[in-house]
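To start, the structure under review is shown below, and the notes come after it.
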Amino acid sequence: MKTEDLVAALVADRAPSGRWFARGLVPALLAGGALSLGLFFAGLGVRKDFGAALSTWRFDLKLVLVLLALVLAFGLCRALGRPVAPSHPGRRLLPLVALAAAAVAIELLVVPPVFWETRLVGSNALICLTAIPVLALAPLATVLVALRSAAPASPTLAGAAAGLLAATAAALLYALHCFDDSPLFVATWYTLAAIPVVAIGAIAGRRLLRW
């Protein structure tokens, strides 16, 4: 049997589990998210001025950014969980990069340069770098379990996508607590907080998702 025929046969054999993964990813994410939600309310909670913050464009834009990140990461995770890898999967994140760049540009235009550093550093950078990875642990675990039922072409990339999905879910929770709404802060510190989760997902995926 030729190598191409063998791969095709293996892919066909794993097709039912792959379809299960497409349907099972949402419950897996919700299960992990529920655990993180309990941890979130136990340790952080929603910011006290949540109602007032909703009337500000920076807070609303922050929510839009993390929601878009979550949606795109979900699509990326689904795509990379399949036996046939998509071409240029990173391109799926370009809408998020474009919106974040536009938000940062607007912030730099409307805020005097003397305040740029203050907006960038914020007041909760260390909490952000800790809270997002911690809140991402449960979703990462449940999504990786769901991925084990699939047949990802690249276990490492699939694990990294699982890490990104978990990090964006955690970022959405943390955004409800975070008092730093500047796009400068969100684009910088939320991204830095997601990097270790993506790295852990890639390492775990390489070991756990082989087939």
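The values are calculated or read from the model by the stated rules, or taken from the named source; none is laboratory data. Only a predicted model underlies this, so the values are computations on that prediction, with no experimental measurement involved. For neighbour counting, all protein chains shown are included, and Cβ atoms are generated from backbone atoms with ideal geometry for every residue, glycine included. Side chains included, ligands, DNA and RNA excluded: accessible areas come from the protein's heavy atoms. Shrake-Rupley method; radii C 1.70, N 1.55, O 1.52, S 1.80 Å.
Summed over segment 44-90, residues that are under 13 Å from the mean Cα position of the chain (by Cα) and of a type in the set (Lys, Arg) total 1. Taking Ala105 as the residue in question, decide whether it is part of a helix (DSSP H, G or I), out of contact with any Lys or Arg (no Cβ under 7 Å at 6 or more places or on another chain), modelled with pLDDT of 95 or more and open to solvent by less than 30 Å² (accessible area, probe 1.4 Å). Criteria not met by Ala105. When segment 75-94 is limited to residues that are modelled with pLDDT of 85 or more and among the hydrophobic types (A, V, I, L, M, F, W, C), the one that is most open to solvent (accessible area, probe 1.4 Å) turns out to be Leu94. Exactly one residue out of Leu72, Leu140 is surrounded by 23 or more Cβ atoms within 10 Å (Cβ to Cβ) and among the hydrophobic types (A, V, I, L, M, F, W, C): that is Leu140. For segment 171-199, a tally of residues being in contact with a Gly (Cβ under 6 Å, 6 or more places away or on another chain), within 26 Å of Arg148 (Cα to Cα) and either open to solvent by 30 Å² or more (accessible area, probe 1.4 Å) or among the charged types (D, E, K, R) (or both) returns 1.
Suppose the filter is among the hydroxyl-bearing types (Ser, Thr, Tyr), at pLDDT 95 or above, crowded, with 18+ Cβ neighbours inside 10 Å and part of a helix (DSSP H, G or I); does Thr168 pass it? So Thr168 fits the description; yes.
The sole residue among Phe115, Phe41, Phe59 that is in contact with a helix residue (DSSP H, G or I) (Cβ under 9 Å, 6 or more places away or on another chain) and of a type outside the set (A, V, I, L, M) is Phe59.
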